[in-house]
1. Based on Cα positions only, what radius of gyration and what Dmax would you give for the stretch 183-230, in angstroms?
2. Across 5 Å bins from 0, what is the distribution of all Cα-Cα pair distances for the stretch 465-528, in whole percents?
3. Taking the Cα centre of the stretch 132-290 as origin, sum charge times position over the Cβ atoms of Lys and Arg (+1) and Asp and Glu (-1), and report the length of that vector in debye to the nearest 20.
4. Quick one: which residues, 5+ away or cross-chain, put their amide H under 5 Å from the amide H of residue 121? H built at 1.01 Å from N.
5. Scan the stretch 407-449 for chymotrypsin sites (Phe, Trp or Tyr not before Pro) in coil per DSSP, keeping those whose Cβ has at most 16 other Cβ atoms within 10 Å, and list them by number.
6. What is the magnitude of the charge dipole of the stretch 20-127 about its Cα centre, with +1 placed on the Cβ of each Lys and Arg, -1 on the Cβ of each Asp and Glu, and no other charges, expressed in debye to the nearest 20?
7. Rg to Rh ratio, the stretch 20-127, alpha-carbon atoms and Kirkwood radius?
8. Report D for the stretch 86-176 in µm² per second (integer): Stokes-Einstein, Kirkwood Rh on Cα pairs, 10 °C, 1.306 mPa s.
Amino acid sequence: MRSTPAVDLPTAPAVPPVPSGTIAGSLLASRYRLRTRVGTDPAACAEFWRAEDTILRRDVAVTVLRRPAPGAVLDDDLSDVDRAEQMVVRALRSGSFEHNGCARLLDVLTPGAASVPDDVLGAAVTEWVPGRSLGEVVADGLIKPLAAARAVAPLAAAAEAAHRHGLVLGCDHPQRVRITPDGRAQLCFALPRSDVTPADDVRGLGAVLYTLLTSHWPLSSADAARAGLAAAERTPGGALLPPSELRPGVPVELDTLTQGTLGPDGAPGHVHTAAAVQRLLTEVVAEDDRMALFPPAHDGVPSSPEDVWQDRGRTVSPPDPQRRRKMTIALTALGAAVLMVLGYLGVQLGAMFVESGGPPIVVEGEPVQPAPGQPQVAPAPAGPAVGGLAVQVYDQGGDPDNSERATRVIDRDPATAWNTSSYYQQFPAYRPGVGIMVSFASAVQLSELTIQSPSRGTVIEVRSAPSADAPFSETEKIAEVTVQGSRTPVSLAGSQPVEHVLLWITKLSGRDGEYSSEIGEVEFRRAGA
């Protein structure tokens with residue numbers, strides 16, 4: 001995003017003619033047929049296309065990087081090739097990132113690939129997001145403020161997750177974002193310009209919210225014109241008008257959020273992170289759900305047929321804060337009483353199950369109850385399998401690989417697996433290692449464990465830990481194994497009872513700049529009677 005304020009243009013600039021390399025009907029990589037150009041991002045020398053995957057017969061979104069036209073003024077001094085290379089490398093890094101707030105990356109085309117025109121410096125293929133563009137959505141009229149907050153919340157969650165993985169989305173351009181049929185804002189087109197930062201994403205989130213609230217795009221007026229949007233109005237001093245001055249019914253929280261994300265750095269209330277945007281939007285939506293029993297404030301949008309509160313014949317009267325406060329207190333007290341009753345019943349039912357023989361033990365995949373009086377830790381050389389109760393990716397660097405898939409290693413489904421990210425260099429060049437932490441309800445005496453993994457050559461240390469989030473220096477090595485086949489047993493004979501077991505990968509499988517490892521299932525076997 002440009003750091004200088006955007007200058008309003010009097011009219012929309014004409015879209016430059018498309019050279020023959022990427023006209024409608026062109027075929028990229030002998031697979032992707034370009035159908036409709038739906039937008040451009042001149043700052044990234046990018047074109048946005050709706051295309052067809054001729055092999056899988058489905059719609060896809062293709063972002064094409066074009067060689068800049070002679071005399072084009074860009075935001076950096078990089079050569080065409082260097083700029084495109086940075087953008088393509090960034091796209092490749094995002095290959096394993098998946099979130100419902102952005103389209104999944106399917107393919108990346110590099111310069112010189114088969115059927116890629118000479119003036120195309122690269123391309124990224126993502127899932128096509130059905131629905132409408134921002135310009136099409138606001139052209140139908142204003143939407144309810146809370147509907148706008150609900151729409152931007154998943155996009156903010158995607159940006160927060162991407163930033164935690166060291167990635168950026170590039171949602172500061174209106175034509176990269178589409179609104180799904182169920183009302184969610186979703187990033188459709190990849191390959192943001194090379195200088196985009198997480199701070200630009202935060203401003204982009206505020207811009208999308210501002211547009212849904214006011215029908216005006218608050219960032220670049222040139223981008224607004226290309227997207228069919230009006231440029232945002234500003235005060236004589238250059239400040240954006242808050243949404244509440246342009247329409248009724250905008251909650252003060254959304255007013256504050258748009259000003260915090262779009263205001264200058266260092267200004268009071270400035271919002272710096274996508275996590276803060278997501279948190280505030282989630283709170284606004286939750287508050288709206290909690291207050292659903294009260295008539296909504298008049299927001300200038302007619303009620304829809306599915307709305308509980310209809311405004312036909314209703315006169316708008318100022319809200320009574322005291323009445324709402326009393327109703328809130330009464331509902332909160334009622335909810336607390338219900339929770340107390342449910343908690344008491346839960347304690348009684350829990351006591352019944354505890355008296356019946358304790359928690360189940362997983363034996364050959366089926367849960368059974370232990371015999372009365374059987375201790376939880378029984379020293380013996382062999383015995384039944386033990387099911388882990390909790391699992392998480394362990395990475396002291398703060399960027400866990402595919403943490404949402406960690407539970408797959410104990411789900412007893414060999415078809416599902418957890419895998420590391422792909423690395424260009426072998427450990428420990430980029431990081432010392434990454435692991436899976438499995439935690440049991442109480443200390444368990446283990447005799448062995450079995451690792452199901454197709455990643456031959458992976459070296460794994462089995463370590464005990466005092467807690468699930470203990471520093472690596474406090475863990476203790478029990479055993480080490482190199483994965484050789486689909487099932488790799490590891491003897492833990494003579495080890496002490498453990499409550500937290502860390503499977504620490506010190507060497508990845510693979511070669512030639514493509515290093516990664518996969519673990520399908522981990523089975524623990526306690527020392528049996």
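Coordinate-derived values only; no laboratory data. Everything numeric in this text was worked out from a predicted model, so none of it was measured. Methodologically, a virtual Cβ is constructed for each residue, glycine included, from the backbone with ideal geometry; neighbour enumeration extends over all protein chains shown.
1. Values for the stretch 183-230 (Cα only, Rg and Dmax): 11.2, 30 Å.
2. For the stretch 465-528, the binned pair fractions read 3, 11, 23, 23, 20, 13, 5, 2, 0 percent.
3. For this selection, approximately 320 debye.
4. Amide H neighbours of residue 121, under 5 Å, 5+ apart: 65, 66, 67.
5. On the way: sites: 418, 423, 424, 430, 440; in loops: 424, 430.
Qualifying residues, ordered by number: 424, 430.
6. 500 debye
7. 0.95
8. After rounding, the answer is 105 µm²/s.
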